[in-house]
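Peer 1: Attaching a single structure in structure tokens format; questions to follow.
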Amino acid sequence: MTPEEARDRIEEVRIELRKCMRSVSIPDVDWDEADRCVAGVQALVTDMRAQTLMKALEDK
């Protein structure tokens, strides 16, 4: 993944982080849902990292 491609995916990560924040900003927090939100963000970031590392290896 090139830096430009990563920047394009950042908005998707921001949207998911907003969902996470909303899920814990209510009186009756559904912790299972909050955990799913965080896991989703983690998966997006992990995928971006893996693609960035693969691109770096290809360039060497």
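Peer 1: Quick one: which residue in Lys55, Lys19 is open to solvent by less than 70 Å² (accessible area, probe 1.4 Å) and not hydroxyl-bearing (Ser, Thr, Tyr)?
Peer 2: Lys55
Peer 1: Follow-up question, since we're still on this one. Identify, by number, the condition in (1) part of a helix (DSSP H, G or I); (2) polar (S, T, N, Q); (3) open to solvent by less than 100 Å² (accessible area, probe 1.4 Å) that Gln42 doesn't meet.
Peer 2: With (1) part of a helix (DSSP H, G or I); (2) polar (S, T, N, Q); (3) open to solvent by less than 100 Å² (accessible area, probe 1.4 Å) applied to Gln42, the lone miss is (3).
Peer 1: Which pairs have Cβ atoms under 8 Å, sit 6 or more apart or on different chains, and link a residue in region 20-41 that is free of Cβ contacts under 8 Å to residues at least 24 places away in the same chain to one that is surrounded by 11 or more Cβ atoms within 10 Å (Cβ to Cβ) and charged (D, E, K, R)?
Peer 2: Ser23/Asp30; Ser23/Glu33; Cys37/Glu16; Cys37/Lys19
Peer 1: Report, by residue number, each residue of region 22-37 that is open to solvent by less than 80 Å² (accessible area, probe 1.4 Å) and not in a loop (DSSP other than H, G, I, E, B).
Peer 2: Ser23, Glu33, Ala34, Cys37
Peer 1: Do the conditions hold for Ala50, that is, is it in a helix (DSSP H, G or I), modelled with pLDDT under 90 and loosely packed, with under 12 Cβ neighbours inside 10 Å?
Peer 2: no
The values are calculated or read from the model by the stated rules, or taken from the named source; none is laboratory data. For clarity, every value in this text was computed on a predicted model and none was experimentally measured. Positions of Cβ are generated from backbone atoms using ideal geometry, with glycine treated the same way; all protein chains shown enter the neighbour counts. What goes into the accessible areas is simple: the full protein's heavy atoms, side chains included, and nothing from ligands, DNA or RNA. Shrake-Rupley method; radii C 1.70, N 1.55, O 1.52, S 1.80 Å.
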